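Peer 1: I'd like to ask you about the structure that follows.
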Amino acid sequence: MAHIIHADLDAFYATVEQLDNPELRGKPVLVGGRPESRGVVATASYEARPFGVHSAMPMRTAVRLCPQGIIVRPRFNRYREMSRLVMDVFRDFTEIVEPLSLDEAYLDISEAVNEAEGRWPLGVALELKRRVKEETGLTVSVGVSASKYVSKIASDLQKPDGLVVVPSGDETGFLAPLAVGKLWGIGPKTAERLNAEGVETIGDLASKPTDWFARVFGQRAESVRLRAAGQDNEPVHTERVTKSVSSETTFPDDIGDTEELHRVLDELASGVSGSLEGKGLQGRTVTVKMRLADFTTFSRQSTLPRPSNDVDPIRELAWRLLSAELTAGRTFRLLGVGVSNFSDGEEERQLPLTLEGDFSAVRREWWLPETTPLP
Ligand code: TTP
Ligand code: MG
C-alpha cells in the first residue's frame, strides 16, 4: 500500500516576509499590491485572517476589514528561493516528489515507511515538519494517507501547522462529513448542482447508486464514484506533465494604450495556439495574466465552450478578459496568456480551487513550475 503526503506551507508569502523582517512577526501582514492602484491580496498572515481577509481579495477591501494590516509588496524571487529550500528538504525524504506550486507538493513516502521497524507514516510526517521548520523557519501543514486527494484534503483541515493522518481503511469515514465541493473533480458549479439535488456531503454522494452516477457524471461517473468512496490510485508524478501552456512578456515601458495591448495580446495568443498545436494539446481554460505598473500581479480566467488550440477563440476570450480590466490610467508592465484544462481527461483532475468562469479567482497556476514556457 502507498503512503502519500500532501504538504502545503502556511501563509507562504506572508510567513517569508515575517521571517525576513522580525518586526512583522505576530502581526497581520497583507502581501499584495497597493490599494490605491486596485491591487489584490496574494496572501494574508494568519493574524490577518480572522478579519476575513483572504487571497485574491481587492487590497482595498482587505484594508477596510483589517485597518491595522501591514501591506508588504511581494518579492517573488525570494519566494522561489525559499521554495527551492523546502523542496530540497522534501527530496531528502523521497525521490518521488510532485510539486504543485511553489508551496505545495505530493511526496510518495512508501519507501520511508516500514511499520515492522517502527517507521510509521506519522513519524515520517513529524520528521518532515520538523526539518522544514529547522532548515527554513517555515511551518508546513501535512496530510498523510494512501491516496493523493485524501492527503490533500487532510493537509488543509488543521492549518496552520496542521498534521492529519488518515489510516488506510478509514477513508470513507473521514470523507463522509465533508462538503461535496471538497472532492477532487467537483468544482463550485457542480457542487451547487449537487446541493440542489440534496447531496451536501461526500457521504451523501457515496451513498448514491451506480446508475445515478452514470446519469449525473457521464464519462466521469466511475472515477467520481470511486473517489467519493475514498478510492484512488493516482500515483505521484515526478515527471512534469504539461498542465498549461502559456506565454508572457514584460514591456520595456508600461503600456496603457488599448490598441497596443490588443496587439500584444494577439501575439501572445498566437504563440500559445502554435505551441498547443505543436504538442497536440487542446485546452478549455484561457487565462490572462496581468502585472500593473505597481507590480500588482493577478490573472483572470474563463472557459471556452469546447477544448481548442485555434487562435481565434483563444484570442477572443483573452481579449474579453483583459478588456474587463482596462480602466482609465491603468498601465501594464506585463501580459501573459495561458491555456489549460486539457481535454485528455485532465479536467477530472481539477482541484476545487479552480473556479471555472469565476473571474475573481486569481489563478495560482502561474506559479506552478510546470507551466511550459514557449521555446
Ligand atoms: P496557498 O497555499 O493557497 O496559500 P498560503 O500558503 O498563503 O496560505 P495557506 O496557509 O492557506 O496555505 O498559496 C501559496 C502562495 O501562493 C500564497 O502565499 C500566495 C500565492 N497565491 C497568490 O498569489 N494568489 C492566490 O490567489 C493564491 C491562492 C495564492
Ligand atoms: Mg500554502
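Peer 1: Quick check on my filter: what residues within the stretch 97-142 are outside any strand (DSSP E or B), touching a helix residue (DSSP H, G or I) at 6+ places or on another chain (Cβ under 8 Å) and within 16 Å of ligand 2 (Cβ to nearest atom)?
Peer 2: Listed by number, the residues that qualify are LEU102, ASP103, LEU128, VAL132, THR136, GLY137, LEU138, THR139.
Peer 1: Restrict the check to the stretch 50-69 and report whether at least one residue is on the phi < 0 side of the Ramachandran plot, assigned by TED's automatic domain parsing to the domain that holds ARG131, away from ligand 2 (no atom under 14 Å from the Cβ) and in contact with a Lys or Arg (Cβ under 6 Å, 6 or more places away or on another chain).
Peer 2: Going through the stretch 50-69, the residues on the phi < 0 side of the Ramachandran plot turn out to be 50-51, 53-55, 57-69.
Next, from what is left, pick out any that are assigned by TED's automatic domain parsing to the domain that holds ARG131: 50-51, 53-55, 57-69.
After this cut, where a residue has to be away from ligand 2 (no atom under 14 Å from the Cβ) as well, the list is 50-51, 53, 57-69.
In the following step, the residues that additionally are in contact with a Lys or Arg (Cβ under 6 Å, 6 or more places away or on another chain) were identified as none.
Checked against the condition, which is being on the phi < 0 side of the Ramachandran plot, assigned by TED's automatic domain parsing to the domain that holds ARG131, away from ligand 2 (no atom under 14 Å from the Cβ) and in contact with a Lys or Arg (Cβ under 6 Å, 6 or more places away or on another chain), the stretch 50-69 yields no hits at all.
Peer 1: Taking the condition crowded, with 24+ Cβ neighbours inside 10 Å, within 12 Å of ligand 1 (Cβ to nearest atom), of a type in the set (A, V, I, L, M, F, W, C) and within 27 Å of ALA328 (Cβ to Cβ), does ALA14 pass?
Peer 2: no
Peer 1: Being assigned to a loop (DSSP other than H, G, I, E, B) and either exposed (fewer than 14 other Cβ atoms within 10 Å of the Cβ) or aliphatic (A, V, I, L, M) (or both) is the requirement here; does VAL286 meet it?
Peer 2: On the way: assigned to a loop (DSSP other than H, G, I, E, B): no; either exposed (fewer than 14 other Cβ atoms within 10 Å of the Cβ) or aliphatic (A, V, I, L, M) (or both): yes.
It is false that VAL286 is assigned to a loop (DSSP other than H, G, I, E, B) and either exposed (fewer than 14 other Cβ atoms within 10 Å of the Cβ) or aliphatic (A, V, I, L, M) (or both).
Peer 1: Of all residues in the stretch 162-204, count the ones that are touching a Pro at 6+ places or on another chain (Cβ under 8 Å), in a loop (DSSP other than H, G, I, E, B) and of a type outside the set (A, V, I, L, M).
Peer 2: Summing the residues that are touching a Pro at 6+ places or on another chain (Cβ under 8 Å), in a loop (DSSP other than H, G, I, E, B) and of a type outside the set (A, V, I, L, M) in the stretch 162-204 gives 2.
Peer 1: If you scan the stretch 3-22, which residues turn out to be touching a helix residue (DSSP H, G or I) at 6+ places or on another chain (Cβ under 9 Å) and either away from ligand 2 (no atom under 16 Å from the Cβ) or closer than 19 Å to TYR149 by Cα (or both)?
Peer 2: Scanning the stretch 3-22 gives HIS3, ILE4, ILE5, HIS6, ALA7, ASP8, LEU9, ASP20.
Peer 1: Let me ask you something else. So the check is Cβ under 9 Å with 6+ separation or different chains; which pairs have a first residue in the stretch 231-255 that's farther than 21 Å from LEU100 by Cα and a second one that's aromatic (Phe, Trp, Tyr) and surrounded by 14 or more Cβ atoms within 10 Å (Cβ to Cβ)?
Peer 2: PHE251/PHE332; ASP254/PHE332; ILE255/PHE332
Peer 1: Can you tell me which residues in the stretch 250-266 are surrounded by 13 or more Cβ atoms within 10 Å (Cβ to Cβ) and in contact with a strand residue (DSSP E or B) (Cβ under 8 Å, 6 or more places away or on another chain)?
Peer 2: Our first condition is that a residue be surrounded by 13 or more Cβ atoms within 10 Å (Cβ to Cβ); within the stretch 250-266, this holds for 251, 254-256, 261-262, 264-266.
Within the stretch 250-266, PHE251, ASP254, ILE255, GLY256, LEU261, VAL264, LEU265 meet the criteria.
Peer 1: Give VAL180, VAL166, VAL224 a once-over and let me know the one that is out of contact with any Phe, Trp or Tyr (no Cβ under 6 Å at 6 or more places or on another chain) and either surrounded by 15 or more Cβ atoms within 10 Å (Cβ to Cβ) or without any contact (Cβ under 8 Å) to a residue 60 or more places away in the chain (or both).
Peer 2: VAL180
Peer 1: Let me ask something else about it. Only one of ALA62, ALA7, ALA44, ALA48 is buried (at least 20 other Cβ atoms within 10 Å of the Cβ) and under 21 Å from LYS129 (Cβ atoms); which? Please lay out each step first, then the result.
Peer 2: Details: ALA62 fails: under 21 Å from LYS129 (Cβ atoms); ALA44 fails: under 21 Å from LYS129 (Cβ atoms); ALA48 fails: under 21 Å from LYS129 (Cβ atoms).
Exactly one of ALA62, ALA7, ALA44, ALA48 is buried (at least 20 other Cβ atoms within 10 Å of the Cβ) and under 21 Å from LYS129 (Cβ atoms), namely ALA7.
To keep it simple, each residue is scored yes or no on (1) within 16 Å of ligand 1 (Cβ to nearest atom); (2) more than 12 Å from ILE4 (Cβ to Cβ); (3) not acidic (Asp, Glu).
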position	(1), (2), (3)
ARG80	yes, yes, yes
GLU104	yes, yes, no
VAL144	no, no, yes
VAL166	no, no, yes
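Peer 1: Do we find that THR242 is within 21 Å of the chain's Cα centre (by Cα) and modelled with pLDDT under 90 in this structure?
Peer 2: Details: within 21 Å of the chain's Cα centre (by Cα): yes; modelled with pLDDT under 90: yes.
In short, yes.
The values are calculated or read from the model by the stated rules, or taken from the named source; none is laboratory data. Since this is a predicted model, take the numbers as computed values, not measurements. Note that each Cβ is placed from the backbone with ideal geometry, even for glycine, and that neighbours are counted across all protein chains shown.
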